[in-house]
Amino acid sequence: MKLNQQFFIFTLFLISCLRALGTPSLSVNPSINFVGINSFPADSILPKSTSEYFDDYSNRFSLFLYAKEKYNSFSISDPLSKRELDYTPNKQLNMGLGFHYKWMGIGIALKFGFVNNDDDIYGDTKRIDLQTNIYMNKAVFDFYFQYYKSFYIENPKDAFSGWTGGNKPYVRPDIRSLTMGLSGLYVFNHKHFSYKAAFVQTAIQKKNAGSFMLGGSAFLQGIAGDSSLLPASSDFNKLPQLKAHSGFYFGIIVAYAYSFSIKKHFYISLSLSSTMETGKVANEFETNLASSTWVPIIHIQPRVSVGYNRPKWYMGFSFVRDSYFEGKKEENDLEFAFNSGNFRLYAGMRFNWFSGSAKRLKE
């Protein structure tokens, strides 16, 4: 699905979330009545703990609606011709419902056909995409397991001389990819800076703060096709016909994050790591020849979150990406890059459910 279509759907979803904030109280049955949204005083949600820099609301039950897009893409570049093949799966936008309470957070999102209805253009991508970003007080962990089958070339005009297909993509239903990995970072300034405030909304950052972080990562990437990954009819046809490529990367991550608190409730959180790692890569060709070597790896990981956060409700969007750029042993070797991550739009509310009588906190 094209980006302009996605942003249109995101906007409609956000409007729906804002309208939902004004719904009347919910009565489950005559003996159990949950307090409705409009019956709360404006200052009735009390944090678990408070400090000069942020308030912790993990003790309050939080319900949220969200839309999320996960992705896994890769590119192959020829340094001699300066040409590049950009492969991406058919994008899929999922929408769903989730909650946060204390240390637990669960979200369930589904694919809706009225949004994801372009398989005839971009291919019918099959996927298993399990991504988890765990934000704690002192650390953050990322886990990836992604399997995708069916990709298309985003830039056919650059890959094929005299391309006559216009904007229609070149689909490769046989290509599949596998990504497995984990990473972790320790947050040094965790007493002033809260990752949870920016990315899971179980806290509110009240003052500007940032932190250096240190950790490590290990990732396995693999791509393969029934025939060469370099289409015979493309400008790559004179190169050795590569059938599969894989890489295992590991190394130390150094990062820095900073959150801006604007007019008390608006926030912008920016985080970036750029690290040189080590990796062993392997190639398999249609001639059944194979090769492997150790190469340097550049690992870049940006995280962005922007939104509005009050004790009773919050809304915003976040973006997390892991990009790996493989080095090369010989000057004429092909260059590979891999990208994994997710984009998330959300709106939610906090409640005093399961927390006893409501206490008061001025906003």
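Spot the failing condition for Lys280; the list is (1) surrounded by 15 or more Cβ atoms within 10 Å (Cβ to Cβ); (2) closer than 15 Å to Glu326 by Cα, and only one is missed.
(1)
Test of understanding: among Lys243, Lys280, Lys263, which residue is out of contact with any strand residue (DSSP E or B) (no Cβ under 6 Å at 6 or more places or on another chain) and among the charged types (D, E, K, R)?
Lys263
Return only the number of the condition from (1) crowded, with 22+ Cβ neighbours inside 10 Å; (2) under 20 Å from Ile134 (Cβ atoms) that Leu229 does not satisfy.
(2)
Looking at Asn309, Asn339 in this structure, which one is surrounded by 16 or more Cβ atoms within 10 Å (Cβ to Cβ), closer than 18 Å to His100 by Cβ, at pLDDT below 95 and not charged (D, E, K, R)?
Working: Asn339 fails: closer than 18 Å to His100 by Cβ.
Answer to the check: Asn309.
Residue by residue through the range 194-224, note down the ones that are over 30 Å from Val281 (Cβ atoms) and of a type outside the set (Gly, Ala, Ser). Give the derivation first.
As a first pass, look at the range 194-224 and keep what is over 30 Å from Val281 (Cβ atoms): 194-212.
Passing the criteria: Tyr195, Lys196, Phe199, Val200, Gln201, Thr202, Ile204, Gln205, Lys206, Lys207, Asn208, Phe212.
Scan the strands (runs of 3 or more DSSP E) fully inside the range 55-141 and keep the ones with 3 or more residues being under 24 Å from Ala244 (Cβ atoms).
Those strands (runs of 3 or more DSSP E) span 61-78, 83-88, 126-135.
Within the range 158-176, does at least one residue satisfy the condition of being closer than 28 Å to Gly251 by Cβ and either in contact with a Lys or Arg (Cβ under 8 Å, 6 or more places away or on another chain) or free of Cβ contacts under 8 Å to residues at least 24 places away in the same chain (or both)?
Taking every residue of the range 158-176 in turn, at least one turns out to be closer than 28 Å to Gly251 by Cβ and either in contact with a Lys or Arg (Cβ under 8 Å, 6 or more places away or on another chain) or free of Cβ contacts under 8 Å to residues at least 24 places away in the same chain (or both).
Could you check, for the range 122-133, whether at least one of its residues is at pLDDT 90 or above, among the aliphatic types (A, V, I, L, M) and over 23 Å from the mean Cα position of the chain (by Cα)?
So far as the range 122-133 goes, no, none of its residues is at pLDDT 90 or above, among the aliphatic types (A, V, I, L, M) and over 23 Å from the mean Cα position of the chain (by Cα).
If Arg83 passes every condition in (1) within 16 Å of the chain's Cα centre (by Cα); (2) in contact (Cβ under 8 Å) with a residue 24 or more places away in the chain but one, which one does it miss?
(1)
Looking at the range 146-186 only, could you name the residues that are closer than 26 Å to Val320 by Cα, aliphatic (A, V, I, L, M) and more than 20 Å from the chain's Cα centre (by Cα)?
The answer is Ile153, Ile175.
Give me the pairs, please: first residue somewhere in the range 337-363 and among the aliphatic types (A, V, I, L, M), second residue anywhere and at pLDDT below 90 and assigned to a loop (DSSP other than H, G, I, E, B), beta-carbon distance under 6 Å, and either six or more positions apart or on two chains.
These pairs meet every condition: Ala358/Ser44; Ala358/Asn352; Leu361/Asp43; Leu361/Leu46.
Which one is surrounded by the most Cβ atoms within 10 Å (Cβ to Cβ), of the residues in the range 99-115 that are in contact (Cβ under 8 Å) with a residue 40 or more places away in the chain and touching a Gly at 6+ places or on another chain (Cβ under 9 Å)?
Restricting to residues being in contact (Cβ under 8 Å) with a residue 40 or more places away in the chain and touching a Gly at 6+ places or on another chain (Cβ under 9 Å), the top hit is His100.
Can you work out which of the residues in the range 37-54 that are modelled with pLDDT of 85 or more and part of a loop (DSSP other than H, G, I, E, B) is surrounded by the fewest Cβ atoms within 10 Å (Cβ to Cβ)?
Among those that are modelled with pLDDT of 85 or more and part of a loop (DSSP other than H, G, I, E, B), it is Glu52.
Out of Trp353, Trp294, report the one residue that is aromatic (Phe, Trp, Tyr) and part of a loop (DSSP other than H, G, I, E, B).
Trp353 is the lone residue from the list that is aromatic (Phe, Trp, Tyr) and part of a loop (DSSP other than H, G, I, E, B).
Considering only the range 252-270, I want to know if a residue exists there that is surrounded by fewer than 22 Cβ atoms within 10 Å (Cβ to Cβ), farther than 29 Å from Gly316 by Cα and either touching a Ser or Thr at 6+ places or on another chain (Cβ under 8 Å) or of a type in the set (Val, Ile, Thr) (or both).
Within the range 252-270, one or more residues are surrounded by fewer than 22 Cβ atoms within 10 Å (Cβ to Cβ), farther than 29 Å from Gly316 by Cα and either touching a Ser or Thr at 6+ places or on another chain (Cβ under 8 Å) or of a type in the set (Val, Ile, Thr) (or both).
The values are calculated or read from the model by the stated rules, or taken from the named source; none is laboratory data. Note that this is a predicted model, so its numbers are computed, not measured. For neighbour counting, all protein chains shown are included, and Cβ atoms are generated from backbone atoms with ideal geometry for every residue, glycine included.
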